[in-house]
Every structure is written in C-alpha cells, then in structure tokens.
Amino acid sequence: MRSEHPLLDEIQQGESKTLEFKSQLPSYDQLAKTMIAFANSGGGKLVIGVDDKRQLKGLGDSDVFELMDQISSTLYDSIAPALLPETYVKNIQGTELLVIGVLRGSLLPYYLKKKGKEKGCYVRVGATNRIASAEQLAELERQRFHRSFDEQANFEVSLDDLDLSPLKQRFQALGKTLNQQQLENLKLVCSEQGSLYPTHGLLILLGYYEHCEIKCSRFKGNTMSVFLDKKEYRGDLFSQLEQAELFIKNHLHLKADIDQLQRKDSYEIPFAAIREVLVNALVHRDYSNFGRDIKLGIYDDALNIVSPGGLPNGLTADDIQKGRSEVRNRVIARVFKTLNYIEQWGSGIQRIQNACQDEQLPAPKLSETGDFIDWELYRPLKNQVREPAPTPEMSEKMSEKMSEKMSEKMSEKILRMLAENPKMTIAEMAQATGTSTRTIERNIKKLQDAGQLKRIGADKGGYWQVQG
C-alpha cells in the first residue's frame, strides 16, 4: 500500500541509482561527488535526515535555511561546469528532511574542480558513486554532443580491407540494397578529407573487434560450478544471434501441443521472448569498453543473459518496464530496425513479458547489477507429485539447501562485480546487491578459502583479484 508521501515510498524501497540518504549532512566533498554522479547519470536526490535503517530522524536543531545557502554556494563553487542543485525541506509525518536534488546535466561531464576531469568525474552505478573510467568519461563527452560511440569513424581501418558480404546478404534477403549511399545514410561509413572510413558501428556489425562475442554455457544445476557445454561465437552480429539461438534450442526442452489433431512443437521458454532479449543484448550493450562481452548461461531453472554496460543515460529498470527507450548504439539499432529485427522502439520489453505470461511462466527478471544488464527467463517447474508436509528435520535441510543456493548466487555476483571493478569496497558491494556488509564479508571469506578470490595489497589502497 502506497503512503501519502511519494518520497517516503522511495525511501522505504532503499537507496538506488537515483536516491541516496544520510542521517546527517556529509562532508561537502562527499556531497559534491554525489551530485556530480547524479548529474552525469540520470539525476537524483540526496535526502538528509534518514538513517541506514530507513528511519526518519530529521534535521535536529540545524538552521535549515542557512544550511541550504551553504550547500548551494559550496556546490556551485566546487563543481565544473557550474551545477546548481535544488534544495528544499520536506515534512513527512512531522519530521523535517532536507532534500538536495539535481537533474541529469546537459554540459557533461561534471567533475570536482580541485581534482580535474580525469580524477574528479563520478558516475552512479547502482546505489554507489564511482570514479568514471576512461571509457565512461569518453562516453559522457559523446553524450554532450549527442553522438554515440558507433557513429564515430575508425581511421586505422581501411574500408577496402573489409568484407561487407555478410551485411549485404542480409539486405538482399529482404530485397534491399546496400550501396555507398545507403552506407552513408546509415552512418556505417563517414567521409573525411575526401576519403571514406568505416564507423565503429560497421566494424561491430561485421564482428571485426574481438570483444564482439557471445560466450554461451550450459551449467549443471543452478550454479556455475560445473560446465556441461560451452561455446564462443564470433563473426557478424547476425550470425552470432543465430548461433546463440541454436545453442539455446539444443539445451531447452520441446513440448508438444495438440491442436485440431495436429502436433505443434514449441520450446519451454517462448522463443519470441528469447530472441527479443538476445537482440536487446546485441543492440544496447556497451561496445566502447573493449574488454567485455555478452555471456549467456543456461541453468536447470533459468536462461540468463548478461550484457556489459548499465542502462544508458541514467535509465532505471522501472523506466524500461514502462516502455521508455534510450538507444546507446544508434548505428547498430538503425540497421537492426531496417532489417526488421526490431519492430517498434520501446515495445520489446512488453513483448517479452507477454510471451512468458501467455505460457504461464514466472515473470522474467530484468536487473542492473553494477555495470551490467542481467536478464533471467525462467524455465517451467517440473511436474511434481504432491508430498506430505515436511518434518522439522526436512524443513531444516530444505532451508539449508536454499541458503546455500542463495550464497552461491551471491558469490557469483561478487566475482562478476570485482572482475569489473577490482577496487570495489565491501560497502559498495553491499549497496549494489542490496545486502549487508556482513553478508558480503562472509561470501568473500568463502571465495578466498576456495581459491577463487585473492586480496592484493593492504585494506586501503589494495584491490581484489579474481582467480581463474
């Protein structure tokens, strides 16, 4: 049940990509970092007067109006380009809270003046603020000028050395041509000093870069402990899509429906939903970071597809569910739509949900974990014979098994996050996963004992190294 105060509802849901709260005003440096991260991402607000348990504590005896003036002037002086957040007092259930809010900025990237752009630029990842990587900084620069990575030219690759036939064949199959004019219109090439150069978009579509890859695995059970099958697919993106689909079909069960005396075979997870998720992963992933690829895992209980790069331009999972569409890779998206792989902008998520709902499957789960997009499409439960109520001993074993499974999934998330950001702190991991620091510490200890994780250096200034 929703309360009369939307802000209270947000607080009760916990910290997020667009919300942070503190029991008291943090240092002005920390405050500036949070405002910078919000402005560089999707905007957000910091609420003062709320503790870690989401309890309203209020502002005490502080002179609120003097505090608001100090905040505004300090942030204006310490952030470049100049950023002027909105500050106001919100009274909820007789408790005064101070809200400091900022919209997504238009003069990206924002940074701390005293640290400079390279070391003082922050972005919001989950519920944490992180120093922007070189790739993220470059992406913010592109966003300022409304350009995407795949629209930029690669001047080190000659157009004459590329085999365009995989792309041309896709166009020909639909009765379309891909001549020079079309290449330019779709921004697959660009002209510079009278010469044509391929854009990153064309090179990505052709699978020219090594990180344009889908790694597919079939695991035993519901964890990544044992591989049953493993494949890595490269080449043009359309071939990768087809090969990944075949891999999935080889490991999913077929079911037969009898309709008017005719047998109709279909997969246990509707393939319309699977293809939509795969297309989303290929079209919307972050290609500017050359060290990451798409990972597809099939477990006994679910199909999991993870693509690198968080939601673009500060979008949240809730925005996506509501049909809002933001395109990170304009060239790739335009080509996929031209070739009918995309029907309408923003409608894919609804089709995924509807397809699974029609088959009476659990609702698919879309989440943003760190700097990755994670999709889970659930397989149907096996037919089970109703058994008598479990004894206390059986209940205890079931509880232990469930706890063990949850711990394994948490460990996998921790390894994934630390592979991406080796200097991530325990507090940041706890915020990103929505768990306590004790839970993170317990899982890290298990990973260290198992030889899967190693600490390099001191607690301060050191980093984590994922083994194997």
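The values are calculated or read from the model by the stated rules, or taken from the named source; none is laboratory data. All values reported here derive from a predicted model rather than from experimental measurement. Glycine gets a Cβ as well: all are built from the backbone with ideal geometry, and neighbour counts include every protein chain shown.
Going by the structure shown, is Gln180 free of Cβ contacts under 8 Å to residues at least 24 places away in the same chain, surrounded by 12 or more Cβ atoms within 10 Å (Cβ to Cβ) and more than 32 Å from the chain's Cα centre (by Cα)?
Numbers: free of Cβ contacts under 8 Å to residues at least 24 places away in the same chain: yes; surrounded by 12 or more Cβ atoms within 10 Å (Cβ to Cβ): no; more than 32 Å from the chain's Cα centre (by Cα): yes.
So Gln180 does not fit the description; no.
Scanning region 184-222 for residues that are in a strand (DSSP E or B) and aromatic (Phe, Trp, Tyr) turns up Tyr197, Phe219.
Output the number of residues of region 313-345 satisfying the condition of being among the small types (Gly, Ala, Ser) and either outside the structural domain of Asn280 (by TED's automatic domain parsing) or surrounded by fewer than 15 Cβ atoms within 10 Å (Cβ to Cβ) (or both).
Pass one, region 313-345, residues among the small types (Gly, Ala, Ser): 314, 317, 323, 325, 333.
Filter once more, keeping what is either outside the structural domain of Asn280 (by TED's automatic domain parsing) or surrounded by fewer than 15 Cβ atoms within 10 Å (Cβ to Cβ) (or both): 323.
Number of matching residues: 1.
Annotation: of all residues in region 421-449 being of a type in the set (Gly, Ala, Ser) and not in a loop (DSSP other than H, G, I, E, B), the one that is surrounded by the most Cβ atoms within 10 Å (Cβ to Cβ) is Ala432.
Kindly indicate whether Ala32 is in the same structural domain as Arg124 (by TED's automatic domain parsing), closer than 24 Å to Glu66 by Cβ and among the hydrophobic types (A, V, I, L, M, F, W, C).
Taking the combined requirement at face value, the residue satisfies it.
Among the residues making up region 46-88, those that are in a loop (DSSP other than H, G, I, E, B) and of a type in the set (Asp, Glu) are Asp51, Asp52, Asp61, Asp63.
Only one of the numbered conditions (1) of a type outside the set (Lys, Arg); (2) in contact (Cβ under 8 Å) with a residue 24 or more places away in the chain; (3) on the phi > 0 side of the Ramachandran plot is not met by Val102, and that is (3).
Looking at Lys382, Lys460, Lys423, just one residue is farther than 30 Å from Ile342 by Cβ, modelled with pLDDT of 85 or more and among the charged types (D, E, K, R), and that residue is Lys423.
Scanning region 254-276 turns up at least one residue that is touching a helix residue (DSSP H, G or I) at 6+ places or on another chain (Cβ under 8 Å), of a type in the set (Val, Ile, Thr), under 18 Å from Ile373 (Cβ atoms) and in the same structural domain as Gly348 (by TED's automatic domain parsing).
All conditions in (1) part of a loop (DSSP other than H, G, I, E, B); (2) touching a Leu at 6+ places or on another chain (Cβ under 9 Å); (3) more than 23 Å from Gly201 (Cα to Cα) hold for Ala363, with the sole exception of (2).
Could you tell me whether region 31-49 includes any residue that is in contact (Cβ under 8 Å) with a residue 12 or more places away in the chain, surrounded by fewer than 16 Cβ atoms within 10 Å (Cβ to Cβ) and not polar (S, T, N, Q)? Please lay out each step first, then the result.
Within region 31-49, the subset in contact (Cβ under 8 Å) with a residue 12 or more places away in the chain is 31-49.
Subsequent filtering for residues that are surrounded by fewer than 16 Cβ atoms within 10 Å (Cβ to Cβ) retains none.
Within region 31-49, not a single residue is in contact (Cβ under 8 Å) with a residue 12 or more places away in the chain, surrounded by fewer than 16 Cβ atoms within 10 Å (Cβ to Cβ) and not polar (S, T, N, Q).
Report yes if Lys168 is under 29 Å from Lys295 (Cβ atoms), surrounded by fewer than 18 Cβ atoms within 10 Å (Cβ to Cβ) and not assigned by TED's automatic domain parsing to the domain that holds Leu278, otherwise no. In short, no.
Residues of region 233-270 that are among the aromatic types (Phe, Trp, Tyr), at pLDDT 95 or above and within 17 Å of Ile298 (Cβ to Cβ): Tyr233, Phe247.
The single condition among (1) charged (D, E, K, R); (2) free of Cβ contacts under 8 Å to residues at least 12 places away in the same chain; (3) farther than 20 Å from Ala127 by Cα; (4) surrounded by 12 or more Cβ atoms within 10 Å (Cβ to Cβ) that Lys57 does not meet is (2). Screening region 87-107 for residues that are within 28 Å of the chain's Cα centre (by Cα) and surrounded by fewer than 21 Cβ atoms within 10 Å (Cβ to Cβ) and picking the one that is farthest from Leu140 (Cα to Cα) gives Val99. When region 6-28 is filtered for residues that are part of a helix (DSSP H, G or I) and either farther than 13 Å from Ser78 by Cα or modelled with pLDDT of 95 or more (or both), the ones remaining, listed by number, are Pro6, Leu7, Leu8, Asp9, Glu10, Ile11, Gln12, Gln13.
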